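Just so it is clear, none of the values below were taken in a lab; they were calculated from the coordinates. In this text, all values refer to a predicted model and were calculated from it rather than measured experimentally. Cβ coordinates were reconstructed from backbone atoms using ideal geometry, including for glycine residues, and neighbour counts include every protein chain displayed.
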Amino acid sequence: MTSANTNPPTDDDRYERIWAIVSDIPAACVLNYGEVARLAGLPGRARMVGRALARAPARLKLPWHRVVNSRGEISFRPDSSRHQRQRELLEAEGVEFENNIIDLERHAPSSVLDRMLWGP
DNA sequence: AAGATGACTAACT
DNA sequence: AAGTTAGCCATCT
């Protein structure tokens, strides 16, 4: 290789990795912040995922609503318009809520794919 | 410059 | 079962 990148990763690098992971979450699937962090190579840094999403340029059109917390809840204050918005987007693609909680197992990408291939 | 704040979470009580 | 704590750490006051 001619010019290997030996520089340590910057926060901007990390944000971009996070954005890349989120952009690949299929419709009707959800991942929690910690999982996105791990997939982005940043274990233990769930908070950074939230930060990255808050900073994401609108131009990227990320499916940010497919990221919820580890309990399967929307992390915005329940009375906020952002909470309402996220819930609408999720329900519009078929994600079901049971008492404001999503069944993370049922809506994990592997589960959703499984149902697509083999049926319920 | 230091303390508070979060789109977080696992591990305690 | 619900509340607290410790770790997370870039950003915002």
- Task: Order these peptides, A:52-58, A:29-35, by their mean beta-carbon neighbour count within 10 angstrom, highest first.
- Result: A:29-35, A:52-58
- Note on the structure: For A:Val68, the residues 5 or more places away or on another chain with a placed amide H closer than 5 Å to its own amide H are A:Leu31, A:Asn32, A:Tyr33
- Item | Cα convex hull of chain A, projected area averaged across orientations, nm² | 9.6
- Message: Under the rule of at least 5 residues apart or a separate chain, name every residue whose amide H is placed under 5 Å from the amide H of A:Ile102.
- Response: A:Glu73
- Message: About the Cα centre, and with charges only on the beta carbon of Lys, Arg (+1) and Asp, Glu (-1), how big is the dipole of region A:34-120? Nearest 20 debye, please.
- Response: 680
- Message: Could you give each residue of region A:110-120 its phi-based ³J(HN,Hα) in whole Hz, using Karplus coefficients 6.51, -1.76, 1.60 with θ = phi - 60°, and x for Gly or Pro?
- Response: 5, 5, 5, 4, 4, 5, 4, 7, 10, x, x
- Message: Using Cα-Cα distances under 8 Å and only pairs 6 or more residues apart, what relative contact order does region A:1-85 have, in percent?
- Response: 28
- From phi via Karplus (6.51, -1.76, 1.60), per-residue ³J(HN,Hα) for region A:65-74 in Hz, x at Gly/Pro: 5, 7, 10, 10, 7, 5, 9, x, 9, 6
